[in-house]
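Written below as structure tokens is the structure these notes are about.
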Amino acid sequence: MSNSNELTKTAGAFDIRNFIGVLLGIFGIVLTIAGIVDFTPDEAERTGGIDANLWTGIGLIIAAALFLAWAKVRPIRIVETTDDVTGTEAAPDND
Amino acid sequence: MEAIRLDAQWIDYLLIAIYFIFVLGIGWFAKRGISSSIEFLLSGRSLPAWVTALAFVSANLGAVEIMGMSATGAQYGMPTMHYFWIGAVPAMLFLGVVMMPFYYGSKVRSVPEFMRKRFGPGAHLVNALSFAVAQILIAGVNLFLLGTIVNRLLGWPLWIALVVAAVIVLSYITLGGLTAAIYNEVLQFFVIVAALLPLTIIGLNRVGGWDGLVEKVSNDGMLGAEQLSSWPGEQLSGFANPVLSVVGIVFGLGFVLSFGYWTTNFVEVQRAMASKSINAARMTPILGAFPKMLIPFIVVIPGMIAAVLVTQLSKFKEISASVGEASAAAETGVTYNDALLLLMREVLPNGLLGVAIAGLLAAFMAGMAANISAFNTVFSYDLWQQYVVKDREDDYYLKVGRFATIGACIVAIFTALIAGNFSNLMDYLQTLFGFFNAPLFATFILGMFWKRMSATAGWVGLVGGTLSAVAVFILSETGVFDLPGQGAAFLAASTAFVVDILLSVIVTFRTAPKPAHELRGLVYSETPKADFEDFNEPKPPVWKRPVPVAGAALVLVIILNVTFG
């Protein structure tokens, strides 16, 4: 990718990994709270004794953290080449 | 029939609402990047491989698959795994290793466009028209299933559910084009997993773990332990002889039907075409194969759990084994298709229930959005630009793409209403469209590797193959021969494949071939190796190269087949 007409910028907020991270994070927080404050005997009977909301919530928060960290560590760079009809093209991961 | 109403609380609605805000948000954000038709219709060929790989898997993880595969799991058990391990994975690997270089390397914008370059307008029109019509009708079926679920879960009238669902899909696709559809598919993938994985684990916990499930299924007094191993799967294939059953599954389902579906269906191929390089395009279906082989564990297993855990469903299974499915449905008010919903109602607490409903709605929208976004590309590039209004500026075709999306959604609403009134008719239509795929695969594979094959042979093979499949189907429907289960579909597809090849060969030798210089990028022997590589990129490390990774996937899927065989 050594083209002189390149403009490089990061994709910023519109990185799907941020979307996934934030959505899973919100889901995780809501479920964790529900699991802590509202674990009823009826639910325990349904799930066979597991506090399902709490554990799923914790799992989702961990998954969310991984996605946000991944997006932070390896941001997408958008390369705009003026001689290329297809316009934008994401650069390969810089590894 | 009694409605299965899930007891959703405010917390469930809250989670569903948050999810939909994100769905629309993606459409709105993706809109900022759209300035040309190629960006709208092919995402500007800019997406990384893991994104397109998950979209590739998600586009096929719609209503029909999730409900249908858990239903088949409840009915037959482990043989359902064949739809994933024999049916999908090998075909996906083949697409990535063998066929994708032609699609991506020839710079075509759609599968029908490849058809046009290789075989000219005859084969192109057959392919583009049948594909466009099929997508709209299938989008209608997906929409109808979505509307039915919303109707049953939340109690909305069917037509309101249909319109709301269509408007949501429409708004994010018209705003953000294929990028929005693909990004939403990736998001949907994770929401579906977040919903189905806990469901499976909690369900297993309720039946006493894996051992408990094995014990309960073996002692169910019907198919018993036969449901615990995937081979030879006589119940699924409908062949009484185990050897014939294995042959039927491997060739009928595995080779002809699935290779036809996965390698020529533009809904799938489009996801790979949106990636940023030829290497990423090839990696798309190959990386997608890994999640694809794990999905049955959170789709088929819950179906099996539901059949032994939920009293209503096990009663349905008992009655349908002794009396028949119709009376079983009348007596219990459920069918196999309700397996997943019944399990959700049985084991999920409020909160997680909201995630699960969001996941299901997500899956249903993914199916429809995939149909619509593939339709608008074929409509704008292959039909409108090619045959109706040629040589206009790009802005014009971007507009055409947006209007095609709106039109498709409106037609889909009406198709969904028709599907609601004539469910058998829609079943038949879907089966018929399935018949287009088997001969397509035969024509493509011949055309890619045999330079002599002529343009006329292209369309004659397609039409002849499709008609022969229809003929086999009609013969089996009218009772001329009797193959239960999936046997008739396997036979129809295999016939279509053979007839297509025979016709193509005969016609080729009676017509003139295309000149060799027109075949570069389209036929293997006429394409320099360099066309299939991207010299802008450094040679990727071994774990990012298509062939080694595909080999690893193949080994893994063989291990799965042996372990659960």
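The values are calculated or read from the model by the stated rules, or taken from the named source; none is laboratory data. On a predicted model such as this, the values are computed, not experimentally measured, just so you know. FYI the Cβ positions are ideal-geometry reconstructions off the backbone, even for glycines, and counts take in every protein chain you see. What goes into the accessible areas is simple: the full protein's heavy atoms, side chains included, and nothing from ligands, DNA or RNA. Shrake-Rupley method; radii C 1.70, N 1.55, O 1.52, S 1.80 Å.
Here are some notes:
- Given charges at beta-carbon only (K, R positive; D, E negative), |dipole| of segment A:15-75 in Debye: 500 debye
- Size-normalised alpha-carbon gyration radius of chain B, reference 2.2 N^0.38 Å: 0.94
- Nearest-ten-degree value, helix B:278-309 long axis tilted from longest Cα axis of chain B: 20 degrees
- Surface exposure of segment A:15-75, expressed per residue as accessible area with a 1.4 Å probe, stands at 48 Å².
- Partner lysines for B:Lys216 [C-alpha distance under 16 Å; skip if fewer than 8 residues away on the same chain]: B:Lys315, B:Lys317
- Subset of B:Lys451/B:Lys514; A:Lys72/B:Lys292; B:Lys451/B:Lys539 violating a 18 Å alpha-carbon distance limit: A:Lys72/B:Lys292; B:Lys451/B:Lys539
- Dipole of chain B [Lys/Arg +1, Asp/Glu -1 at C-beta], most positive-end residue of B:Leu93, B:Ile201, B:Val310: B:Leu93
- Among A:Leu54, A:Pro75, A:Ile16 - extreme Cα towards positive end, dipole of segment A:15-75, charges at beta-carbon: A:Pro75
- Computed from Cα atoms alone, the Kirkwood hydrodynamic radius reported for segment B:202-305 is 16.6 Å.
- Exceedance of the 29 Å cut-off in Cα-Cα distance is limited, within the set B:Lys31/B:Lys107; B:Lys117/B:Lys276; B:Lys117/B:Lys399; B:Lys390/B:Lys544, to B:Lys390/B:Lys544.
- The share of Cα pairs per 10 Å bin across the protein assembly as shown, counted from zero up to the longest distance, runs 3, 15, 27, 28, 18, 7, 1, 0 percent.
- Those residues of segment B:177-197 for which accessible area with every protein chain present is at least 20 Å² below the isolated value (1.4 Å probe): B:Tyr183, B:Leu187, B:Phe190, B:Val191, B:Ala194
- J(HN,Hα) series, segment B:120-127, from Karplus relation 6.51 cos²θ - 1.76 cosθ + 1.60, nearest Hz, glycine and proline x: x, x, x, 5, 4, 4, 4, 5
- R0 of 41 Å, Cβ-Cβ distance B:Ile406-A:Ile58: FRET efficiency to nearest 0.05: 0.45
- A Stokes-Einstein calculation at 10 °C with viscosity 1.306 mPa s, built on the Kirkwood radius of segment B:256-406 over Cα pairs, returns a diffusion coefficient of 82 µm²/s.
- Loop sites here are trypsin sites (Lys or Arg not before Pro) outside DSSP states H, G, I, E and B with no more than 16 other Cβ atoms within 10 Å. The longest part of chain B free of them is B:108-389.
- Under 5 Å from the amide H of B:Leu47 lie the amide H atoms of B:Ser275, B:Lys276, each residue being 5 or more positions distant or on a separate chain, with H modelled from the backbone and absent for Pro and chain starts.
- Neighbours of B:Gly208 by Cβ distance under 9 Å: Lys/Arg scored +1, Asp/Glu scored -1, total 0.
- Only the Cβ atoms of Lys and Arg (+1) and of Asp and Glu (-1) were treated as charged; on that basis the dipole of the protein assembly as shown about its Cα centre amounts to roughly 1620 debye.
- Using a probe radius of 1.4 angstrom, the carbon and sulfur fraction of the accessible surface of the protein assembly as shown is 67%.
- FRET efficiency, 1/(1 + (r/R0)^6) with R0 22 Å, evaluated for B:Leu14 and B:Leu158 via beta carbons: 0.35
- Mean ellipticity per residue at 222 nm, deg cm²/dmol - from DSSP H runs of n ≥ 4 across chain B, formula -39500 (n - 2.57): -23500 deg cm²/dmol
- Part-to-part distance (alpha-carbon centres) for segment B:133-175 and segment B:344-393, which is given in Å: 10 Å
- Distance distribution note for segment A:15-75: the fraction of Cα pairs above 19 angstrom is 37%.
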